[in-house]
1. For region 275-294, enumerate the residues that are open to solvent by 40 Å² or more (accessible area, probe 1.4 Å), in contact with a Leu (Cβ under 8 Å, 6 or more places away or on another chain) and closer than 17 Å to residue 327 by Cβ.
2. What are the pairs, 6+ residues apart or on separate chains, where a residue within region 274-299 that is closer than 30 Å to residue 317 by Cα has its Cβ under 8 Å from a residue that is open to solvent by less than 30 Å² (accessible area, probe 1.4 Å) and among the aromatic types (Phe, Trp, Tyr)?
3. Is it the case that region 757-779 has a residue that's over 32 Å from the mean Cα position of the chain (by Cα) and part of a strand (DSSP E or B)?
4. If you take the residues in region 65-83 that are surrounded by fewer than 16 Cβ atoms within 10 Å (Cβ to Cβ) and outside any strand (DSSP E or B), which one is modelled with the lowest pLDDT?
5. Restricting to region 237-251, count the residues that are within 24 Å of residue 466 (Cα to Cα), of a type outside the set (S, T, N, Q) and out of contact with any Leu (no Cβ under 6 Å at 6 or more places or on another chain).
6. If residue 286 satisfies every condition in (1) farther than 30 Å from residue 359 by Cα; (2) modelled with pLDDT under 95; (3) of a type in the set (D, E, K, R) but one, which is the exception?
7. Name the residue, out of 468, 489, that is in a strand (DSSP E or B), small (Gly, Ala, Ser), surrounded by 16 or more Cβ atoms within 10 Å (Cβ to Cβ) and at pLDDT below 95.
8. Taking only pairs six or more apart or across chains, which ones have beta-carbon atoms under 7 Å, a first residue in region 709-733 that is outside any strand (DSSP E or B), and a second residue that is open to solvent by 20 Å² or more (accessible area, probe 1.4 Å)?
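The values are calculated or read from the model by the stated rules, or taken from the named source; none is laboratory data. Remember, it's a predicted structure, so these values are computed and weren't measured experimentally. Here the Cβ is made from the backbone with ideal geometry for all residues, glycine too, and neighbour counts use every protein chain on show. Ligands, DNA and RNA are excluded from the accessible area calculation, which covers all protein heavy atoms including side chains. Shrake-Rupley method; radii C 1.70, N 1.55, O 1.52, S 1.80 Å.
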Amino acid sequence: MSSTRFTDAKNKAVVRGMGRFFAFLIGCVLLPGTAWAQGWGNVEGRVTEADSGAPLPGVTVLVDGTNYGTATTDAGTFALRIPAGSYLLRFSAVGFQPHTDSLTVRRDATLEYNVRLVPAVLELGEVTVEESAAPSEAGVHEMTPEQVRNIPTPFKGFQALKSLPGVATNNELSNQYSVRGGGFNENLIFINGFEVFMPFRPRQGEQEGLGLFNPDLAERVTLYTGGFPARYGGKLSSALEVQYARPENQSLRGAAYASLLDAGANASASALGGRLGWNVGVRKARARRFFSTQELQGNYRPDYTDVQALVGYRLAPGHELEAVGIWADHVFDLDPRARQTFFGVISADPNTPSDLRSVFVNYDDASRETDSYATQFAGLRLSSQFSPRFRMAHDGSFYGTEETEEYLLRGSSVIYQIDPNSDPDSEEGKFPRGSASQEERADNRVDVTSWTGQGRYYFTQQRHAWEGGWQVRQLQFDDQLDEHTIIQGRALDGDFVRVVVDSLKDNATFTATQAGAYVQHTFDALPTTDRLIVTTGLRTDYFSFNDEWTVSPRVSARYRRTELLTLTGAIGLYYQQPTYRELRGSPIPGQAINDALNRDLKSQRSIQAVVGAEYFLPRRRFYLRGEAFYKALDNVISYTVENVRVNYSGENDADGYVYGLDLQVRGEFVPGLESWVNYGFLVAREDFLPSFEDTFTAGIIPRPTDQRHTFSLFVQDYIPTDPTWKLHMAAFFGTGLPYTPPIPGERIGNIVQQIPGERFSARYPEYRRVDLGATKLLTLTERGPNGPVRLEFTAELLNIFDMTNTVAYSWLPNREGIWERIPTRLTPRTINVRMRVAF
């Protein structure tokens, strides 16, 4: 079934402006030295050998402490464009002693500086190997905690991942993310090796809160976007490793911040001669003003709080006890009042009529929504290093969450035809097309508890490294559903009708055991050290609910073809065991939840292949990276997405495939500030099995994550002539995701019921968003408890072009009883101001 895509004149104008902006921005990024770099100077010179005076090619020239620099040509010459200021430059080459000197570069001037490098006696301890700024394994990407903080987003944490290659988004309010065509529920998340989980049943992004990842505690963030090794099991798409810092021989350090949306503080230190280290953080967010910018007006009272801590204690040399704890309480409370949404088309062509409409919803005084996510996590690990070659770790953890959803949304709606030449704030030019009243009520609750025990063992010998491990997990879900939706309507000249759209009321308890084990072997395959690194692995998993065993072989390789070119590849078999959401499916009205559980459901399976290449441009010091991937899917459990809620079918009803390409340019366009640009191409398709196929699911059709083109960008820069000012810009673009439009069903009175039409045959509008931040760095004192005390003042303009983005559609009947499509839109332009003190 075809559908007409509506947009308004404002959005069209912004789209045109956005296209011009992207063209300008890409030009600035890919063509360094353009007008935006005013206030810069140049350093030029020649590097020769001290003894013979011969030119030295390939010498690395870096601003010390950064990855910004260049390399000498075959003639030994170099040219480095750099912001005006004083710098420490480092010249290094294999076989020569490094040379470091302080230089002052003046604006619009060229400083000539020649260097003579002295040959070095090549002792093993003096050889320095420079590593790539980006991980070179297939599908692996890293971020620093500072980058996570600098990316302009409403909340700092998971939302920063959406700037990485292969990660797709169409909702700035949500922490959920899709990786290379996978679903929201296909991503592993670990904090210091302990698995944690996203909310199990969110309905919309505002409910999710801060997320369990606190970047202020982290020292490293690594995302595996595909082809991940055998140590990771249970999911199909990605694995996220967040490593919180364990202080070693460190005096007290910390930071505190406050913004218009949130506030927080963190501190870390070590004691007892470094044997004890602790790292703790607390966050609080009441983003009332941010949420109230949406079209749904009301009294927003979000209240998100979490406390996280890591404690490490060295029991004896080589034996460490580590504990991680998380307590989070996220409450979203709303008293809705009214909503007015304009949609349709304003035509500038006199031969094409305009079709501008609006819907006005007025909620009664009893309407209210309260959503709560209360999460507790505790993990304890004992790590033992028995020798330089052998170590092991054993740990146990508890994860518990209580998610509640209570709402009564009752109000009346009127659909108007709008005269585009009229005043939108007046009643003139509004012509009613139909009205209805709707009541949505829910009292839902799900309690999830998970007890996990696991062990890992590591052994290295010369050019070989072995790793193995096991895991046992006990899961319990207690589910309570009590919800209904009722539509009451009357055409202006018709009868009163009442339609119960859906009604579910039941509760169930689900308990199951998961177990798994793996072994993997990494070895240096060629005589030349670190030329070809191969990792092979085998994993097996068991799930008690359906009594299923799975076996997953995997292999990956990294080949350094030259000093500048690295090739990567991975292939493996991946399984995702069905947990409660997949097993329950979507119960139909009147069906018991226990009856909907499918004990014959099998794990979804994916054969994945990834090939990639990374090329280093030594003079620009940029990394060009590209990866192509293919996933063959079977035993697929099909699903739909409503806003951020995933509704599974509860059946292995389809096969499918995903293929695509991810490209990235990454480097320091200015010293010490890394930036990157990503482009992604993706095709995701599914084919329903004959026994589940009908008229609306016949043939090969898009999957819910079939987003053809994505573009993301994160650029950092200095203010010319003043490096204490830094600019941070993030931009996102994604073509429209598919959805299933309804078609007319049975007529009841004057209302025609809607039923699902051709599956995923229509698409949402493109997602476009640009966020900008500016940070001023000030040193308050040089005599803090651990060095200087610094103040960061940041102003962020979120959605600077005020783009109109649609995340979902709701449907209301008009005067003919036909349902009209009403867009649910995301946040408009918003300002946030943040102050952070670090010591």
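1. 278, 280
2. The qualifying pairs are 279/244.
3. yes
4. 65
5. 2
6. With (1) farther than 30 Å from residue 359 by Cα; (2) modelled with pLDDT under 95; (3) of a type in the set (D, E, K, R) applied to residue 286, the lone miss is (1).
7. Within the list 468, 489, the selection yields 489.
8. 720/38; 721/84; 721/107
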